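J.: Right, I'll just put the structure down here and ask away after.
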Amino acid sequence: VSTPIPIWSAGNPREVVLRLALRLPEPCRDGQIRCCASGPYHIYLGGTRLGGGAGGVLLDTPMQETVPLEGSWNSGEIELIAVA
């Protein structure tokens, strides 16, 4: 696993995009991603939006949420992107 690369959005200065290149050793059909955020976020895997959440914006504190993996990804390189 490599280190996430932050990419600041030109459209909204308060929005950050984190990109992480992964290598899947075998095809992936299901699973989950855990995300801890203090505000709204969206998760993408291989260009497919998996979901997102409000984060802890309602509680005014970071909150861990689980985003289910529902799809079909082949083995090899794939990008995980979080927009927050």
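J.: Within the range 16-39, track down each residue that is loosely packed, with under 14 Cβ neighbours inside 10 Å and touching a strand residue (DSSP E or B) at 6+ places or on another chain (Cβ under 7 Å).
T.: Residues satisfying the conditions are Ala21, Arg23, Pro27, Arg29, Asp30, Gly31, Gln32, Arg34, Cys36.
J.: Out of Thr48, Thr61, which single residue is modelled with pLDDT under 85 and of a type in the set (Val, Ile, Thr)?
T.: None of the other options fit; the residue is Thr61.
J.: Further question: Name the strands (runs of 3 or more DSSP E) wholly inside the range 10-84 in which the number of residues that are in contact (Cβ under 8 Å) with a residue 24 or more places away in the chain is 3 or more. Walk me through how you get there before you give the answer.
T.: Values: elements: 16-24, 28-37, 41-45, 48-53, 63-73, 76-83.
Strands (runs of 3 or more DSSP E) meeting the threshold: 16-24, 28-37, 41-45, 63-73, 76-83.
Residues are listed down the side, and each one gets a yes or a no for (1) among the hydrophobic types (A, V, I, L, M, F, W, C); (2) within 11 Å of the chain's Cα centre (by Cα):
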| position | (1), (2) |
| --- | --- |
| Gly31 | no, no |
| His42 | no, yes |
| Gly51 | no, yes |
| Leu58 | yes, no |
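J.: Assess whether Trp73 counts as being aromatic (Phe, Trp, Tyr) and at pLDDT below 80.
T.: Working: aromatic (Phe, Trp, Tyr): yes; at pLDDT below 80: no.
Judged against the criteria, Trp73 is not a match.
The values are calculated or read from the model by the stated rules, or taken from the named source; none is laboratory data. Since the model is a prediction, treat every value here as computed from it, not as a measurement. Cβ coordinates were reconstructed from backbone atoms using ideal geometry, including for glycine residues, and neighbour counts include every protein chain displayed.
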